[in-house]
Each structure stands twice: as structure tokens, then as C-alpha cells.
Amino acid sequence: MIKPMFGHRPKPRKFDLPLRYYNPEEDEDKKRRERIKFESHTRRRPAQLSRVIFLVLLLALVVYLIS
């Protein structure tokens, strides 16, 4: 608060941007990895669906035996 009274001006902050270069081979590798991950997730759905169906049938059997 006192510095502006004595003619002090704030200096702009220094910013160093790291240089990046486009590497098409690395981009292709990332695309392949994403495809593999996407395919691995689809395999889990049928197992989960069969587990849900089994639990529903088990619950129906329990309700049938109780009533």
C-alpha cells in the first residue's frame, strides 16, 4: 500500500511456457491405447447382467417360498 506512493510500479510476472512438439507416432500410440481400454470395458457388462438376472431369480424364489 505504501509502495505506489513512492513511484513503485508492479512488474509483470515472468512466464516460461515449456515448448511442445507434435509427434504423430505418439498420437497414434495414444489412440491405440484408448481403443484397447474401450474394448476391455465392454467385456464386463455381460457378467454383470447375468449376475443381476441371477439375483432377481433368487429373490423371486425366496418370495415364492415365503408366501
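The values are calculated or read from the model by the stated rules, or taken from the named source; none is laboratory data. Just so it is clear, the model here is predicted, and its values are computed rather than measured. Glycine gets a Cβ as well: all are built from the backbone with ideal geometry, and neighbour counts include every protein chain shown. Areas reflect the complete protein model, heavy atoms only, side chains present, ligands, DNA and RNA absent. Shrake-Rupley method; radii C 1.70, N 1.55, O 1.52, S 1.80 Å.
Listed by first and then second residue, the pairs linking a residue in the stretch 1-25 that is at pLDDT 80 or above to a residue that is open to solvent by 100 Å² or more (accessible area, probe 1.4 Å), with Cβ atoms under 8 Å apart and 6 or more places separating them unless they lie on different chains, form an empty list. Thr42 falls short on exactly one of the conditions (1) open to solvent by less than 100 Å² (accessible area, probe 1.4 Å); (2) β-branched (Val, Ile, Thr); (3) modelled with pLDDT of 75 or more, and that condition is (3). If the condition is being open to solvent by 100 Å² or more (accessible area, probe 1.4 Å), outside any loop (DSSP other than H, G, I, E, B) and at pLDDT below 85, then the stretch 45-67 contributes Arg45, Gln48, Leu49.
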